[in-house]
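Below: the structure, in structure tokens.
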Amino acid sequence: MLITDLVKEFTFELQIKNYSKRTIETYNYNIGQLISYLKEEQDIIEIDDVSSIHIKKFIQYQLEIGNKSNYINTIIKALRAFYNYLVSEEYISLNILSKIKLLKEDKVIIKTFTDKEVAKMIEAYDFKTYLNARNKVIIAMFVDTGIRMSELINLQTGWINETNLKVLGKGAKWRYVPISLMLRKYMIRFERIKEVYFKKKILEHDNYFLSRNGNPLTSVQIQNVVRNAGKKANVREDVRCSPHTIRHYSIQSSLKNGLDLYSCSKIAGHENILITKRYLQGIETENILEMATKTSPLMNL
């Protein structure tokens, strides 16, 4: 059977399981890389003709063209999910991906913002116009909650509570994320400006953050908001101004400020605590020493 036909069916299965559009696109792209390689390099288009040696050669090819282990592992995980589906639907009897191990990943330490840079990024916008107020609260919410960009885009007005947000995360899993009094203060002011701005317009969407025309924001628009704030705040050139970098800063700050690893993992929406542990890698030695001083057993007797 043609691999391309099976991918179409696999895509439909992901839709049934309510995977996000972005996740499905990523799966398709990664599996598509294998399909292109098999067709162009091995002259293979049928699933029955694919063996473990072909997968290993494909991985070797990815290394040869300069892709890093972290990136290749993402492809392998997508292929594993695809082959698990093929086995469950009895298209194949042997899962050749079961013996393909993930590559040893390089420890990537994301260089994130300083406290002063984050403060200046929030100050880059004011409450004088709807768009400015919206952008200010977007930055503040990223900093305070550490939610993902997709979670912020999909956040509905009805999911806002006095002390927390109800967030729809990866895998269509719900969780509650606490918000500080300062963020709630910003939000109340923004909500008042938003109500006046859209007073004479009929809104078709209930997203908390809307474009000037009342439509849900796109990922490009959110990225531009963060990037522009970074420019105005004169953030160092070697720091990537993105929503994910702010998320990284937020999680690291929570850990530095004393939040335990388990609670931090739950709030961040991580699948397991090991993912959260990676954020500890970027915490500087002086910060660790400061944290240890605050938690001294003798001083806390």
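Name every residue in segment 139-193 that is among the basic types (Lys, Arg) and either closer than 25 Å to Asn272 by Cα or in contact with a Lys or Arg (Cβ under 7 Å, 6 or more places away or on another chain) (or both), in order of residue number.
Arg148, Lys166, Lys170, Lys173, Arg175
If you go through segment 149-171 one residue at a time, do you hit one that is touching a residue at least 60 places away in the same chain (Cβ under 8 Å) and more than 30 Å from Lys17 (Cβ to Cβ)?
no
From the list Tyr29, Tyr19, which one is among the hydroxyl-bearing types (Ser, Thr, Tyr), out of contact with any helix residue (DSSP H, G or I) (no Cβ under 8 Å at 6 or more places or on another chain) and either without any contact (Cβ under 8 Å) to a residue 12 or more places away in the chain or not assigned by TED's automatic domain parsing to the domain that holds Thr218 (or both)?
None of the other options fit; the residue is Tyr29.
Of the conditions (1) at pLDDT 95 or above; (2) over 29 Å from Asn18 (Cα atoms), Lys200 satisfies every one except a single condition; which number is it?
Of everything listed in (1) at pLDDT 95 or above; (2) over 29 Å from Asn18 (Cα atoms), Lys200 misses just condition (1).
I'm checking my understanding of the structure. Among residues of segment 109-140 that are part of a helix (DSSP H, G or I) and of a type in the set (Lys, Arg), which one is surrounded by the fewest Cβ atoms within 10 Å (Cβ to Cβ)?
Result: Lys116.
Please work out which one of (1) hydrophobic (A, V, I, L, M, F, W, C); (2) more than 19 Å from the chain's Cα centre (by Cα); (3) loosely packed, with under 15 Cβ neighbours inside 10 Å is the condition Ala229 fails and give its number.
Every listed condition holds for Ala229 apart from (3).
Tell me, which helices (runs of 4 or more DSSP H) lie completely within segment 240-301 with 1 or more residues that are at pLDDT 70 or above?
Because the criterion is at least 1 residues that are at pLDDT 70 or above, the helices (runs of 4 or more DSSP H) in segment 240-301 that meet it are 243-256, 261-268, 273-277.
Does segment 199-209 contain at least one residue that is touching a residue at least 40 places away in the same chain (Cβ under 8 Å) and assigned to a helix (DSSP H, G or I)?
no
Can you confirm whether segment 167-181 contains a residue that is closer than 28 Å to Ser254 by Cα and over 22 Å from the mean Cα position of the chain (by Cα)?
Scanning segment 167-181, I find at least one residue that is closer than 28 Å to Ser254 by Cα and over 22 Å from the mean Cα position of the chain (by Cα), so the answer is yes.
Here is a list: Val143, Val167. Which entry is buried (at least 17 other Cβ atoms within 10 Å of the Cβ) and part of a strand (DSSP E or B)?
Val167
Name the one entry in Ile122, Ile45 that is farther than 22 Å from Tyr279 by Cβ and of a type outside the set (Ser, Thr, Tyr).
Going through Ile122, Ile45 in turn, just one is farther than 22 Å from Tyr279 by Cβ and of a type outside the set (Ser, Thr, Tyr): Ile45.
Looking for something surrounded by 20 or more Cβ atoms within 10 Å (Cβ to Cβ) and in a helix (DSSP H, G or I) - is there at least one such residue anywhere in segment 211-225?
Yes: one or more hits.
Cβ-Cβ distance below 9 Å, separation of 6 or more or different chains: which pairs start in segment 129-142 with a residue that is free of Cβ contacts under 8 Å to residues at least 60 places away in the same chain and end on one that is crowded, with 22+ Cβ neighbours inside 10 Å and among the small types (Gly, Ala, Ser)?
Correct list of pairs: Lys136/Ala229.
What is the residue count in segment 36-90 for residues that are among the aromatic types (Phe, Trp, Tyr), at pLDDT 95 or above and more than 18 Å from Met1 (Cα to Cα)?
Matching residues across segment 36-90 total 2.
The values are calculated or read from the model by the stated rules, or taken from the named source; none is laboratory data. Being a predicted model, the structure only gives us computed values, none of them experimental. With ideal geometry, Cβ positions are generated from the backbone for all residues, glycine too; neighbour counts draw on all protein chains shown.
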